[in-house]
């Protein structure tokens, strides 16, 4: 994606091509080549060809910054004040679609993922998957991710698949993420509901299945369900 300036035409010769290479190599941009007003090719960063990753991950650093990453490309993002909540999914999908890429021209800064970084959420191209207790993320991360809705289902045995046969992958929420009303609902519908640690993931409680709000477990295994937004 060209963030600023015009797209060089092939007729500009070697100088125009050199500028395309510089923008791809140094700014991490996809630079389109134009012939007679039409895009005919592109010069892309080598890292993008090497890693066609279909998942975008948001990290929170030990210092509280946000880093958006795809494969080996990681950039610090600072959503401007007034940015609508919940724009991470749109940014991540635009990156997957090559309609946008973080880069220095867009105000992002190259970052390094290290042990201090928390893997907060992932965008799979279809949905956000929470990878860390949302209540433990900072205000900026929560605003960028936006509210997430889930279905909590008390099940008999294992649901295994949703109503259309897709395998169900547990979502990474914890007991600490739920509100008082949901806590009361679980006490009413689950015998001996006593998590030993508020940070326990729901995967430790196989009789409570957590799925995205639009992905319903197989009906014949479900005793009761409740929507939770965090």
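All of the numbers you see were taken from the coordinates with simple rules; none came from a lab. Note that the structure is a prediction, hence the values are computed from the model and not measured. Because the Cβ atoms are built from the backbone with ideal geometry, glycine has one as well, and the counts that use them run over all protein chains shown.
Note on residue 104 and residue 176: the extension gain reaches 22.2 nm, defined as 0.36 nm multiplied by sequence separation minus the Cα-Cα distance. In this label model, residue 21 and residue 36 are separated by 2.7 nm, measuring between points 7 Å along each Cα→Cβ vector. Using the beta-carbon distance between residue 124 and residue 188 and R0 = 35 Å, what value does 1/(1 + (r/R0)^6) give for FRET efficiency, to the nearest 0.05? After rounding, the FRET efficiency stands at 0.60. Percent of Cα pairs in segment 51-145 per distance bin of 10 Å, from zero to the largest separation: 17, 56, 27, 1. Each peptide in 178-190, 83-95 receives the mean, over its residues, of other Cβ atoms within 10 Å, and ordering these scores from highest gives 83-95, 178-190.
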